[in-house]
Amino acid sequence: MKSINPELPIVVTGGSGYIASWIVKYLLEDGKQVRATVRSLKDTSKIEHLLELKEKFKDKLSLFEADLMVDGSFDKSIEGVELVIHTASPFFVAGVKNAQKQLIDPALQGTKNVLESCNRISSVKRVVLTSSVASIFGDNIDSLQVPNQTFTEEHWNTTSNLTHQPYAYSKTLAEKEAWEIQKKQTRWDLVVINPSFVMGPSLSKRLDGTSVEFMKNMLKGVFRTGVPDTKMGFVDVRDVAKAHILAGFTPNAKGRHITSAEVMPMLGVAKIIKENFGNKYSLPTGNLPKALVYVIGPFFGLSWGYTKNNIGQPLNLNNEYSKIDLRITYRPLKETFIDHVNQMESSGLL
Ligand code: NAP
């Protein structure tokens with residue numbers, strides 16, 4: 001049990017990211033002081049929205065430069081704080097050329113780096129880590145091995161590796177390492193958020209994030225001939241951000257938390273958008289035959305292994321613990337997708 005002093009600043013690593021930006025905004029709106037770490041203060045295109053928040057909330061937001069791959073990089077930002085929310089980690093599944101360098105090293109070394117700073121700095125009492133359902137399971141087919149074909153926080157991804165689902169592997173290694181480091185001391189505890197695929201409005205105009213890119217591709221007709229018959233968990237970015245804050249400030253919060261509103265097929269996303277935006281976008285109307293996905297999938301970053309183990313396979317995620325331990329409520333995905341499309345339209349991204 002850890003009570004966090006709400007008067008002290010809170011560190012959010014990777015503050016420029018899609019999820020982290022909402023965490024920063026909600027903390028500021030709640031009157032908290034925030035230290036957001038970003039890779040570069042010079043790259044204003046990535047931090048434009050944070051600079052606007054800094055202007056709006058004046059002395060409440062400070063930006064610190066820190067890189068996951070530079071030892072000690074986070075020390076300055078963490079000095080004197082009790083709560084560290086560690087979200088920074090590369091998130092992409094397509095176009096991976098060197099998984100070790102692009103995904104595993106920053107996720108794993110970066111987590112070690114941040115947690116070693118927390119070990120060095122005696123004020124830290126709690127770390128909230130953004131992990132993923134990708135550290136719970138690797139492929140949908142893995143659900144055939146678990147009771148009721150339903151994943152819970154008890155499960156760990158045992159099927160991803162450097163060549164198959166390397167992003168999921170990076171998240172699994174990083175979360176495992178975080179628990180190992182935490183167990184070696186008692187001053188700070190660890191609360192982990194394991195979101196499914198995060199959707200919903202972005203606070204920035206960036207298009208390079210995987211969540212935003214998925215919606216852009218959906219609306220721009222990339223999937224107009226059809227989508228793979230894959231079930232995915234989805235959750236609203238605003239609910240994920242709130243989950244991190246609740247994880248930080250709920251004294252008894254404990255363990256891992258599957259943070260996911262609902263599982264639906266990819267086609268379900270298109271259906272909801274079509275119901276609300278009519279024929280404005282070239283949306284898919286059906287699933288692609290699995291044989292065709294084997295052929296064209298690799299052009300979209302879907303390996304044969306992914307197709308074999310995910311297309312047409314079941315997926316169930318039990319989100320009950322997140323609702324009990326953190327008292328999270330999940331908004332309906334209809335609202336998530338509508339707000340996301342509206343934000344992309346109003347930001348001129350389409
Ligand atoms: P995002 O927008 O791409 O954010 C990733 C953040 O990590 C960015 O701030 C990025 O900095 C930072 N980062 C990457 N490499 C770094 C490095 N070497 N040093 C310092 N910072 C680095 O992605 P997101 O969707 O918000 O993801 C945030 C976290 O949520 C990640 O841990 C991801 O694995 C996890 N997650 C995401 C989803 C999802 O569907 N979006 C689902 C489950 C879990 P720059 O701004 O400089 O690029």
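Kindly indicate whether Met1 is in contact (Cβ under 8 Å) with a residue 40 or more places away in the chain, within 12 Å of the ligand (Cβ to nearest atom) and surrounded by fewer than 17 Cβ atoms within 10 Å (Cβ to Cβ).
On the way: in contact (Cβ under 8 Å) with a residue 40 or more places away in the chain: yes; within 12 Å of the ligand (Cβ to nearest atom): no; surrounded by fewer than 17 Cβ atoms within 10 Å (Cβ to Cβ): yes.
No; evaluated as a whole, the condition is false for this residue.
Any idea which of Val212, Val198, Val192 is over 15 Å from Ile85 (Cα atoms) and part of a strand (DSSP E or B)?
Details: Val212 fails: part of a strand (DSSP E or B); Val192 fails: over 15 Å from Ile85 (Cα atoms).
The unique qualifying residue is Val198.
Given the criterion closer than 17 Å to Leu103 by Cβ and either hydrophobic (A, V, I, L, M, F, W, C) or buried (at least 18 other Cβ atoms within 10 Å of the Cβ) (or both), identify the matching residue among Leu173, Leu144, Leu219. Spell out how you get there, then give the answer.
Details: Leu144 fails: closer than 17 Å to Leu103 by Cβ; Leu219 fails: closer than 17 Å to Leu103 by Cβ.
Unique residue meeting the criteria: Leu173.
Here are some residues: Ile121, Ile104. Which one is in contact (Cβ under 8 Å) with a residue 24 or more places away in the chain and more than 28 Å from Pro9 (Cβ to Cβ)?
Working: Ile121 fails: more than 28 Å from Pro9 (Cβ to Cβ).
When all the criteria are applied, what remains is Ile104.
Which of the residues spanning segment 286-310 are in a loop (DSSP other than H, G, I, E, B) and either surrounded by 15 or more Cβ atoms within 10 Å (Cβ to Cβ) or among the basic types (Lys, Arg) (or both)? Full working, then the answer.
Keep residues of segment 286-310 that are in a loop (DSSP other than H, G, I, E, B), which gives 286, 288-289, 301-303.
Of everything in segment 286-310, those that are in a loop (DSSP other than H, G, I, E, B) and either surrounded by 15 or more Cβ atoms within 10 Å (Cβ to Cβ) or among the basic types (Lys, Arg) (or both) turn out to be Leu288, Leu302, Ser303.
Which of the residues that make up segment 28-38 are in contact with a strand residue (DSSP E or B) (Cβ under 7 Å, 6 or more places away or on another chain) and either farther than 19 Å from Leu8 by Cα or not in a loop (DSSP other than H, G, I, E, B) (or both)?
Leu28, Val34, Arg35, Ala36, Thr37, Val38
Among the residues of segment 26-58 satisfying the criterion of being of a type in the set (Lys, Arg) and within 13 Å of the ligand (Cβ to nearest atom), which is nearest to Gln343 (Cα to Cα)?
By that ranking, first place goes to Lys46.
When you scan segment 167-191, how many residues do you find that are within 14 Å of the ligand (Cβ to nearest atom) and either among the small types (Gly, Ala, Ser) or touching a helix residue (DSSP H, G or I) at 6+ places or on another chain (Cβ under 6 Å) (or both)? So that I can check it myself, show each step before the final result.
Step one: of segment 167-191, the residues within 14 Å of the ligand (Cβ to nearest atom) are 167-175, 177-178.
Now drop any that are not either among the small types (Gly, Ala, Ser) or touching a helix residue (DSSP H, G or I) at 6+ places or on another chain (Cβ under 6 Å) (or both), which leaves 167-168, 170-175, 177-178.
Count: 10.
Can you go through Lys25, Lys54, Lys76 and tell me which one is at pLDDT 95 or above, farther than 27 Å from Asp239 by Cβ and either part of a helix (DSSP H, G or I) or touching a Gly at 6+ places or on another chain (Cβ under 7 Å) (or both)? Reasoning before the result, please.
On the way: Lys25 fails: farther than 27 Å from Asp239 by Cβ; Lys54 fails: farther than 27 Å from Asp239 by Cβ.
That would be Lys76, the only listed residue that is at pLDDT 95 or above, farther than 27 Å from Asp239 by Cβ and either part of a helix (DSSP H, G or I) or touching a Gly at 6+ places or on another chain (Cβ under 7 Å) (or both).
Please identify the pairs in which a residue from segment 30-48 that is farther than 21 Å from Lys76 by Cα and touching a residue at least 24 places away in the same chain (Cβ under 8 Å) has its Cβ atom under 7 Å from the Cβ atom of a residue that is of a type in the set (Gly, Ala, Ser) and within 11 Å of the ligand (Cβ to nearest atom), counting only partners at least 6 apart or on another chain.
Lys46/Ser16; Glu48/Ser204
Identify, please: which residue in segment 77-101 is more than 21 Å from the chain's Cα centre (by Cα) and surrounded by 14 or more Cβ atoms within 10 Å (Cβ to Cβ) and is, among those, farthest from the ligand (Cβ to nearest atom)?
Selected residue: Glu82.
Can you say whether Ala243 is among the small types (Gly, Ala, Ser), within 15 Å of the ligand (Cβ to nearest atom) and either under 25 Å from Ile10 (Cα atoms) or modelled with pLDDT under 95 (or both), as far as the supplied structure shows?
Numbers: among the small types (Gly, Ala, Ser): yes; within 15 Å of the ligand (Cβ to nearest atom): yes; either under 25 Å from Ile10 (Cα atoms) or modelled with pLDDT under 95 (or both): yes.
It is true that Ala243 is among the small types (Gly, Ala, Ser), within 15 Å of the ligand (Cβ to nearest atom) and either under 25 Å from Ile10 (Cα atoms) or modelled with pLDDT under 95 (or both).
Any idea how many residues of segment 82-130 are of a type in the set (A, V, I, L, M, F, W, C), part of a strand (DSSP E or B) and over 17 Å from Glu177 (Cβ atoms)? Before you say what the answer is, go through the steps one by one.
Looking only at segment 82-130, we keep the residues that are of a type in the set (A, V, I, L, M, F, W, C), and these are 83-85, 88, 91-94, 96, 99, 103-104, 107-108, 114-115, 118, 121, 124, 127-129.
Checking the rest, the ones that are also part of a strand (DSSP E or B) come to 83-85, 127-129.
Those still in the list that are over 17 Å from Glu177 (Cβ atoms) too: 83, 85.
The total comes to 2.
Of everything in segment 258-285, what is farther than 27 Å from Ile328 by Cβ and crowded, with 16+ Cβ neighbours inside 10 Å? Give them in sequence order.
Applying the first criterion (farther than 27 Å from Ile328 by Cβ) to segment 258-285 yields 274, 277-285.
Scanning segment 258-285 gives Phe277, Tyr281, Leu283, Pro284.
The values are calculated or read from the model by the stated rules, or taken from the named source; none is laboratory data. The shown structure was predicted, so the numbers you read here are calculated from the model rather than taken from an experiment. Note that each Cβ is placed from the backbone with ideal geometry, even for glycine, and that neighbours are counted across all protein chains shown.
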